[in-house]
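> Before anything else, here's the structure in question.
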Amino acid sequence: MSTQPVVVLDDVSKSFTLHLQGGARIGVVAGVSFAVEAGECVVLGGPSGAGKSSILKMIYGTYRCDRGHIRLRDGDDAVDVAAAQPRRVLALRRSVMGYVSQFLRVIPRVPTIEIVADAARDSGLDGDAAMMRARDLLTRLNVPERLWALPPATFSGGEQQRVNVARGFAAERPLLLLDEPTASLDAANRKVVIDLVNERKRRGVAMIGIFHDEDVRDAVADRILDIRAFAAPHAA
Amino acid sequence: MSTTGYNFAYLDEQTKRMIRRAILKAIAIPGYQVPFASREMPMPYGWGTGGVQVTAAIIGHDDVLKVIDQGSDDTTNAVSIRKFFAKTAGVATTTRTREATIIQTRHRIPEAPLREGQIIVYQVPIPEPLRFLEPRETETRRLHALNDYGLMHVKLYEDIARHGHIATTYAYPVQVAGRYVMDPSPIPKFDNPKMHMSPALQLFGAGREKRIYAVPPHTPVKSLDFDDHPFAVQHFDKPCALCGAERVYLDEVVLDDRGGRMFVCSDTDYCEERRAQGHAGAMAPDGARAQPGEAGHGR
Amino acid sequence: MAADDDLPLLSVRGLTKYYGDRLGCADVSFDLFEGEVLAIVGESGSGKSTLLSLLASELAATSGAVRYRFRDGVTRDLAALDEAERRHLLRTDWGFVRQDAREGLRMGVSAGGNVGERLMAVGARHYGDIRATALDWLGRVEIDAARVDDTPHGFSGGMRQRLQVARNLVTGPRLVFMDEPTSGLDVSVQARLLDLVRSLVRDMGLAVIIVTHDLAVARLLSHRIMVMRRGFVIEHGLADQVLDDPREAYTQLLVSSVLAA
């Protein structure tokens, strides 16, 4: 019953230097500071291109930070993702944080059910429990059972996205980063995602999300953070 | 000397010394292939030039030499080598295993047990047992040096995989004194157990490949195998058709062009001796009697 | 995984190789931990293959050190191993999957013999057990058991690579080197091999150092990526970080040239 936040961003900045375009420097965000508590869902708001996705990627370690700290609670430790060794970040990804992206990126040839069950196993579920979790999620997300044994490469965009969501929710971790997981879902499946998010919240999972659909946003957000407040100065 | 102009036993003394040094080293490191400066001999490679050089280096005036080829004393190869030493060293020769002090052999070990003081000299065509799987000499030497013989078992594995049993029936690899893996020359695997703890000194000479190796008396010689495919010698259903001997190595002799055949001792001396003692096989001619052993040359 | 106090499996410091005056690779340092997959990427001539040979102690370094933590827990300098120890390590605790299967396999020996060789080299002497293990491994790399007695001559490129994988993993190694294992294979065959390698790596907890010029391979298999250019490591980090947020100009060029979308 700790009252420490699950994740704290402290004065985080990000820019890209595009060497192939004459070293142009593109500011993305600057001075990002906020914290998320266990059981809280913070939705990042702002126009597209404002850097919402970049913030999630910095927390996950996919993007480097130019400045600042991203402190993640791992048991009794607080680990600064911005400064941690790759190995430490990988360990955090296994046990502390999950990421649901807009795109399904998987190895070809792996059956759908295995992709989801693998994700469950990655967070420590054993074989049978992982398989049960996978079946349950695919069923809830209306992925027809006849597809489960097939690799998702040939699925429609919506089907792939639902497999992706199932995979993202297969693991149980204290922090979940949601990068437009409902982007191409119909209303019924958006509702499933809303339920999944709210179930996790009740179990104390902290979430940071990007949702373009207002109905989803309103149904899950405890707080909406307008990141225009963290706009980077547009310097070349 | 029965032939003028030649040194005793053909080779000059310096060469014999060189070969003896190689032999001593080979005896000191059982199963290890010692390189030596093989000389041109007055016979083609494949006719026993390695064995002849070893014999020439160790033979003395008092030795009695026996030469066999495939167990037989009277094949061309055996006869010409025997004559070679009768001529160049003037030593006594014999066909009797127990009378010989030096036995030079191609492809057999005599059936009569060898005794202390005897030396058996093997003619070796390819001394390297690993050659089948590893063509690089540098690599095979390293494998020997590192006692790294997994490859040898790969060869036996391949045999079983292809034939259901270890199909290698001659030149069957052995491990000498728990260390070096050695090619026993193309003797039938039937003869392998005779090498184990033999009281005789066993010397191996490969002329073309320029290698000498040895098994000292009373040295363990183990034929490689698998736990579930243990080494076993060939088994013959019938005894020798001439002398009735069992548990000896038999050759097939074709009698006619209508499929007639018989199996007889490969070791002709052994067979003759048994017949002389009155043993007779199923196809022994009536009133069979032993041929007298070939008379010794020289002296 | 509270593993920060763990010791690395492989520890590389200042590794440098000159071929005469020509630089092979310079001042490479990194740690590799159990279960980690490190991809070394770069173009031909970048020094990545030289580095792999140095790491696998096939090549002697001009300077620098490679240290490995053995199963007994003791970390030793690989340069100090004698030849027998080095060979033992290479075929028990290590594996090496070659680009050219003809270098990594015995082409004249059956598939079963190829897989069984390492077992026999470390003393296995029960034919039935060796064969059963070989058959099990052929199954794990998706080679039909009916091919167990065939030599790799008749195998497709993909099958040969999978046979190499089986031959190397049969002794349960902890570290496997892979040199462009998928190059020269059709795309669909590549996918199958990658999937297989990925699942075996995870199931066995293998550490892998894979050299590849294919960034897609690096993304699929590796946790970390090291980018080499002209003998130097110019960028090193989490795989997705290097690919999605490349810092160096050269890495940005590589990523933008190779990855679509």
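The values are calculated or read from the model by the stated rules, or taken from the named source; none is laboratory data. Bear in mind the structure is a predicted one, so any value in this text is a computation, not a measurement. Ideal geometry is used to build each Cβ from the backbone, glycine not excepted, and the neighbour counts take in all protein chains shown. To get the accessible areas, we keep the full protein, side chains included, count just its heavy atoms, and leave off ligands, DNA and RNA. Shrake-Rupley method; radii C 1.70, N 1.55, O 1.52, S 1.80 Å.
> Once amide H atoms are placed 1.01 Å from N in the peptide plane, what residues at a sequence separation of 5 or more from A:Ala78, or on another chain, have their amide H within under 5 Å of its amide H?
Here the answer is none, since no amide H 5 or more places off falls under 5 Å of that of A:Ala78.
> Under the √(5λ) rule applied to the eigenvalues of the Cα gyration tensor, what semi-axes describe the equivalent ellipsoid of chain A? Give them in Å, descending.
29, 20, 18
> Which percent of the accessible heavy-atom area of chain A goes to carbon and sulfur, probe 1.4 angstrom?
Exposed carbon and sulfur together represent 50 percent of the surface.
> For the range A:44-92, what log10 I(q)/I(0) values come out of the Debye formula at q = 0.16, 0.25 1/Å, with one point per alpha carbon and no solvent?
Rounded to two decimals, the profile gives -0.47, -0.92.
> If we sort B:267-279, B:10-22 on the protection proxy, mean other Cβ atoms within 10 Å, highest first, what's the order?
Highest to lowest by the protection proxy: B:267-279, B:10-22.
> For chain B, what does the helix formula give at 222 nm: sum of -39500 (n - 2.57) over DSSP H segments with n ≥ 4, over the residue count, nearest 500 deg cm²/dmol?
Dividing the helical sum by the residues of chain B leaves -7500 deg cm²/dmol.
> Here is a follow-up. Below 8 Å between Cα atoms, with a sequence gap of 6+, how large is the relative contact order for chain C in percent?
26
> D for the range C:69-133, whole µm²/s, Stokes-Einstein with Kirkwood Rh over alpha-carbon pairs at 4 °C and 1.567 mPa s: what number?
After rounding, the answer is 95 µm²/s.
> As an exercise, take the mean of 1/r over every pair of distinct alpha carbons in the range A:76-116, invert it, and state the Kirkwood radius in angstroms.
Roughly 12.6 Å, rounded to one decimal.
> Explain nothing, just the number: relative contact order of chain B, from Cα pairs under 8 Å at least 6 residues apart, as a whole percent.
21
> Could you list the residues of the range C:43-65 with an amide nitrogen less than 12 Å from a label point located 7 Å from the Cα of C:Ala79 in the Cα-to-C-beta direction?
So the set is C:60-65.
> Dipole of the range C:126-261 (Lys/Arg Cβ +1, Asp/Glu Cβ -1, origin at the Cα centre): which of C:Val201, C:Ala191, C:Ala216 lies farthest to the positive side?
Result: C:Val201, furthest along the dipole toward the positive end.
> Please list the non-local residues whose amide H lies under 5 Å from the amide H of C:Cys25, H modeled 1.01 Å from N, same-chain partners needing a gap of 5 or more.
Amide H to amide H, under 5 Å and 5 or more residues apart or across chains, C:Cys25 pairs with C:Lys17.
> Cα to Cα, under 23 Å, and not fewer than 8 places away if on the same chain: which lysines meet these conditions relative to B:Lys222?
Correct list for B:Lys222: B:Lys25, B:Lys155, B:Lys189, B:Lys194.
> Could you state the accessible area per residue of the range A:52-182 in Å², with a 1.4 Å probe and every protein chain left in place?
40
> Shielding of A:54-65 by partners, i.e. mean partner chain Cβ atoms within 10 Å per residue?
Rounded to a whole number, the mean comes out at 3.
> In square angstrom and rounded to 100, what buried accessible area do you get between chains C and B, total over both, with the probe at 1.4 Å?
Approximately 1800 Å² gets buried when C meets B.
> Moving on. Under 15 Å from the Cα of B:Lys210, which aspartates and glutamates turn up, not counting those fewer than eight places away in the same chain?
B:Glu40, B:Glu128, B:Glu137, B:Asp183
> Oh, and also: Rg and Dmax in Å for the protein assembly as shown, alpha carbons only: what are they?
Spelled out, the Cα radius of gyration and Dmax of the protein assembly as shown are 37.4, 123 Å.
> What is the pair-distance distribution P(r) of chain B, computed from all Cα-Cα distances in 5 Å bins starting at 0, with each bin given as a whole percent?
Pairs per bin, as whole percents: 1, 5, 11, 15, 17, 16, 13, 10, 6, 3, 1, 0.
> Compute the semi-axes of the equivalent ellipsoid of the range B:104-153, taking the square root of 5 times each eigenvalue of the Cα gyration tensor, and list them largest first in whole Å.
Result for the range B:104-153: semi-axes of 30, 12, 10 Å.
> Sticking with this one: Given a Förster distance of 30 angstrom, what is the FRET efficiency for C:Arg247 paired with A:Ser184, based on the Cβ-Cβ distance and rounded to 0.05?
Given R0 = 30 Å and the Cβ-Cβ separation, E is 0.40.
> Follow-up question, since we're still on this one. Springs between alpha-carbon pairs under 10 angstrom, Gaussian network model over chain A: which of A:Gln160, A:Gln102, A:Gln21 fluctuates most?
Between A:Gln160, A:Gln102, A:Gln21, it is A:Gln21 that shows the largest mean-square fluctuation.
> What 222 nm value per residue comes from the helices of chain C, counting each DSSP H run with n ≥ 4 as -39,500 (n - 2.57) and dividing by all residues, nearest 500 deg cm²/dmol?
When only DSSP H runs of four or more count, the value is -11500 deg cm²/dmol.
> Right, next: Which of these, B:Ala284, B:Ala161, B:Ala78, has the largest mean-square fluctuation under a Gaussian network model of chain B (Cα springs below 10 Å)?
With Cα springs under 10 Å in chain B, the top fluctuation among B:Ala284, B:Ala161, B:Ala78 is at B:Ala161.
> Please give the FRET efficiency for A:Asp136 paired with B:Thr138, using the beta carbon to beta carbon distance and R0 = 56 Å, rounded to the nearest 0.05.
That gives a FRET efficiency of 0.35.
> For the range B:152-297, state what percent of all Cα-Cα pairs lands in each successive 5 Å bin, counting from 0 Å until the bin that includes the largest distance.
Spelled out bin by bin, the range B:152-297 gives 2, 8, 14, 15, 15, 16, 13, 10, 5, 2, 0 percent.
> Quick one: which residues, 5+ away or cross-chain, put their amide H under 5 Å from the amide H of C:Ala39? H built at 1.01 Å from N.
Hits under the 5 Å cutoff: C:Ile210, C:His223, C:Arg224, C:Ile225, C:Met226.
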